[in-house]
Amino acid sequence: MKENLDWELMPASGTEIARVREQCRKLVRKRAAVSAGIAAVPLPGVDLLSDLTTFALLIEEINKAFGLTPAQIDKLQPRMRIAVYEATAAIGGMLVGKIVTRELVLQVFKKSGLKLAAKSVSRFVPLAGQVASAAIGYALFQKMGYQHIEACAKVVEKAAGSKPV
């Protein structure tokens, strides 16, 4: 079953926000599993490059699902556009409503520096290190993806005046 994350509008009701949130969480889990698989490959640097690219694409898809890409925000009525920008500033969503680049994602990854260092170091221990690296990679990717989903949901709730679900 193909997931429909191709909306042009922000979800308006609490039910719609919850549905988008769950679809995005499924997407995060799938991408985290791919990240973990790549992290198990014992080639230094391959996993970080892959994570940067994969996470940047994931963030764009989540933003799009919530109607929060720069292009989607530009199509909003001026009052709603201002509400989205104010909500984004209040939430502090670093990747919400922005053009996502590898450099921006790298900044976010650096904030999780301890786990990245553990992931990198653990890969040099044969087999067990690769498994640990994959597990750390999955957990890190999932946590960061879920945090972004929650930031997007909060922005949409604040901008639309919805009650949190």
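Annotations
- Criterion (of a type in the set (D, E), open to solvent by less than 60 Å² (accessible area, probe 1.4 Å), at pLDDT below 90 and over 12 Å from the mean Cα position of the chain (by Cα)) met by exactly one of D74, D47, D6: D47
- Looking at V125, V165, just one residue is closer than 18 Å to R21 by Cα, surrounded by fewer than 16 Cβ atoms within 10 Å (Cβ to Cβ) and at pLDDT below 65, and that residue is V165.
- I62 being modelled with pLDDT of 85 or more, touching a Cys at 6+ places or on another chain (Cβ under 7 Å) and within 14 Å of V156 (Cα to Cα): yes
- Candidate set: the stretch 65-88, residues that are among the hydrophobic types (A, V, I, L, M, F, W, C) and in contact with a Gly (Cβ under 7 Å, 6 or more places away or on another chain); chosen: the one farthest from V156 (Cα to Cα): I73
- Residue pairs whose Cβ atoms lie under 8 Å apart, separated by 6 or more positions or on different chains, with the first residue in the stretch 130-157 and more than 18 Å from A36 (Cβ to Cβ) and the second hydroxyl-bearing (S, T, Y) and surrounded by fewer than 21 Cβ atoms within 10 Å (Cβ to Cβ), are V156/S162.
- Test: residue in the stretch 82-98 that is modelled with pLDDT of 70 or more, outside any helix (DSSP H, G or I) and open to solvent by 60 Å² or more (accessible area, probe 1.4 Å): yes
- For G145, the stated conditions hold: it is at pLDDT 70 or above and farther than 18 Å from A12 by Cβ.
The values are calculated or read from the model by the stated rules, or taken from the named source; none is laboratory data. All values derive from a computational prediction rather than experimental measurement. Cβ: placed from backbone, ideal geometry, glycine included. Neighbour counts: every protein chain shown. What goes into the accessible areas is simple: the full protein's heavy atoms, side chains included, and nothing from ligands, DNA or RNA. Shrake-Rupley method; radii C 1.70, N 1.55, O 1.52, S 1.80 Å.
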